[in-house]
1. Among rounded, prolate and oblate, which fits segment 62-201 when a ≥ b ≥ c are the square roots of the eigenvalues of its C-alpha gyration tensor, a/c under 1.5 means rounded, and a/b larger than b/c means prolate?
2. Please rank 118, 194, 182, fewest neighbouring Cβ atoms within 10 Å first, as an exposure proxy.
3. Put a dot 7 Å past each Cα toward the Cβ at residue 78 and residue 130; how far apart are the dots in nm?
4. What ranking do 64, 168 get, fewest neighbouring Cβ atoms within 10 angstrom at the top?
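Bear in mind that the values in this text are calculations on the coordinates, not laboratory data. On a predicted model such as this, the values are computed, not experimentally measured, just so you know. Counting neighbours? That spans all protein chains shown, and the Cβs are built from the backbone with ideal geometry, glycine included.
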């Protein structure tokens with residue numbers, strides 16, 4: 001009997017996830033679209049990400065490029081990791097280091113940057129004004145993200161969705177840190193797959 005009850009609760013949880021996704025997928029899509037529209041407008045009218053990346057790698061020391069990458073991955077994630085993955089292949093040839101080792105270093109920094117974003121979110125929610133405003137406006141959303149945040153952590157770790165923003169939201173909503181740590185490891189898979197693809201193109 002207990003087994004059937006457990007299966008029933010699992011079904012309800014899954015149905016609840018689909019309900020939650022159905023209600024919030026459009027909102028999530030709008031947020032992602034707004035983010036990419038902002039990046040597009042910056043690229044079109046201000047400066048392209050490729051130009052920013054070129055300036056970074058051509059004018060600063062290698063160790064500073066890694067620092068800039070870590071900062072980008074810790075706050076908003078505006079600089080796409082793909083540029084840096086391509087850069088590791090070129091850098092590896094220049095300094096005689098295996099590009100895969102450099103890509104693994106980038107994956108580690110991206111992973112740590114995401115956890116830093118989580119901790120920033122966890123700290124921000126304890127600011128009384130932010131806490132009261134967020135709970136009042138997004139209380140239901142926070143409750144659901146706390147329950148199903150793992151789904152979004154995996155998606156952001158694998159796809160070109162800002163990993164740091166998702167982890168910061170997880171921190172804000174109180175999603176368990178240990179699960180952010182575990183599921184964030186999918187970030188390493190993302191870097192590996194992208195490196196396989198990009199290394200064959202360059």
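1. Values: a/c = 3.04, a/b = 2.17, b/c = 1.40.
Cα axes put segment 62-201 in the prolate bin.
2. Numbers: 118 25, 194 19, 182 12.
Fewest to most other Cβ atoms nearby, the residues stand as 182, 194, 118.
3. Output for this residue pair reads 1.9 nm.
4. Values: 64 12, 168 24.
Final ranking by Cβ density, sparse to dense: 64, 168.
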